[in-house]
Amino acid sequence: MAAMQGAGGGGGDGGPTPATTKYQPSDFLKSVLGRPVVVKLNSGVDYRGVLACLDGYMNIAMEQTEEYVNGQLKAKYGDCFIRGNNVLYISASGRRG
């Protein structure tokens, strides 16, 4: 039995617990606040801009926003508000200028 001790993650002081290493979607969203993102809607339209804020319903406020339809730039907006039920995903962006 002594050989079994210390061999795995039984929750002692030996290493990180799953709670400290688990990465939640909210962690990602906090990390991209104030940074460039791509928001893809269920309709297929992309909005690229700086994530200003969002709430628990995924309602999104963005700044310096560009609207892309089929990969083509269609419009530029100063501020943009997107209702959360339209959002397919949010992705971090290495903003191409």
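In the stretch 46-79, which residues have a backbone nitrogen under 13 Å from the label point lying 7 Å from Leu29's Cα in the Cα-to-Cβ direction?
52-61
Once you place label points 7 Å from the Cα toward the Cβ at Ser91 and Leu41, how far apart are they in nm?
1.8 nm
What does the charge add up to near Leu54, with Lys and Arg as +1, Asp and Glu as -1, over the other residues with Cβ less than 13 Å from its Cβ? Working shown, then result.
Values: positive: Lys30, Arg35, Arg83; negative: Asp55, Glu63.
Taking every other residue near Leu54 into account, the sum is +1.
Give me a comma-separated list of calculated 3J(HN,Hα) values for the stretch 34-41, in order, Karplus coefficients 6.51, -1.76, 1.60 applied at θ = phi - 60°, integers in Hz, x for any Gly or Pro.
Each residue's phi maps through the Karplus curve to give x, 10, x, 9, 10, 10, 9, 8 Hz.
Can you run phi through the Karplus equation (6.51, -1.76, 1.60; θ = phi - 60°) for the stretch 59-67 and list ³J(HN,Hα) in whole Hz, with x for Gly and Pro?
Coupling constants for the stretch 59-67: 5, 10, 10, 10, 10, 6, 8, 10, 9 Hz.
Values in this text are rule-based calculations from the coordinates and carry no lab data. Since we're looking at a predicted model, the values are computed, not measured. Backbone-built Cβ (ideal geometry, glycine too); neighbour counts: all protein chains shown.
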